Amino acid sequence: MTVRHILLDDENPLHRELPIYRAGQVGTVRLDDSDYKVYASIDISPHDLAALFHYGVAEALNALPFISESNNGLDSWDEAFLPSASIGGMLKIIDGCIENIGSKSPERVMLGWQDDPVKIAYWRALDPDKAVGFLRKLRDFAVEAAEGGYDLEFIL
């Protein structure tokens with residue numbers, strides 16, 4: 001049987017409606033606030049979310065003490081909090097990931113597939129330079145959060 005391959009296109013509104021098409025967000029919060037409030041946030045594009053998992057960034061960050069309802073740490077389809085005191089460790093991990101990803105070549109990665117009603121494989125083109133740019137932005141955001149005494153909330 002033939003498998004149809006779909007390369008996700010962020011400009012295609014039909015692709016943006018697919019369940020496999022996902023984005024995320026990182027926000028600054030204070031875990032000791034009596035009410036939930038996000039003080040600032042940055043978006044994680046679908047490209048950068050795929051890159052976080054494909055390049056092992058999320059896995060590397062799980063060496064840190066993330067707080068999540070699932071107790072899986074920083075995981076797909078989850079929300080996780082990183083206390084401000086651990087942001088310094090996050091910065092070191094991100095620096096290592098930037099160095100590692102900077103030597104990569106562009107590639108296509110499979111995000112998922114379906115068998116019914118037709119076989120389809122969903123792919124995304126990853127640009128390591130774009131991923132490094134996002135990690136630098138995330139790093140700067142985390143530095144500002146730490147300086148302000150904020151904790152980080154990851155919604156993946």
Fill in: Qualifying residue in region 17-37 (condition: among the aromatic types (Phe, Trp, Tyr) and either in a strand (DSSP E or B) or under 21 Å from residue 133 (Cα atoms) (or both))
yes
Discussion item. If residue 28 meets every condition in (1) surrounded by fewer than 20 Cβ atoms within 10 Å (Cβ to Cβ); (2) of a type in the set (Val, Ile, Thr); (3) closer than 18 Å to residue 137 by Cβ apart from one, which number is that one?
Written reply: (1)
Worksheet item: Which of the residues that make up region 147-156 are of a type outside the set (Val, Ile, Thr), surrounded by fewer than 19 Cβ atoms within 10 Å (Cβ to Cβ) and at negative phi?
Response: 147, 148
Worksheet item: Hey, among the residues in region 94-114 that are of a type in the set (Gly, Ala, Ser) and loosely packed, with under 11 Cβ neighbours inside 10 Å, which one's nearest to residue 124 (Cα to Cα)?
Response: 105
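Readers should treat all values here as calculations from the given coordinates under stated rules, not as data from a laboratory. Owing to the predicted nature of the structure, the values given are computational and were not obtained by experimental measurement. Don't worry about glycine lacking a Cβ; one is built from the backbone with ideal geometry, like all the others, and counts go over all protein chains shown.
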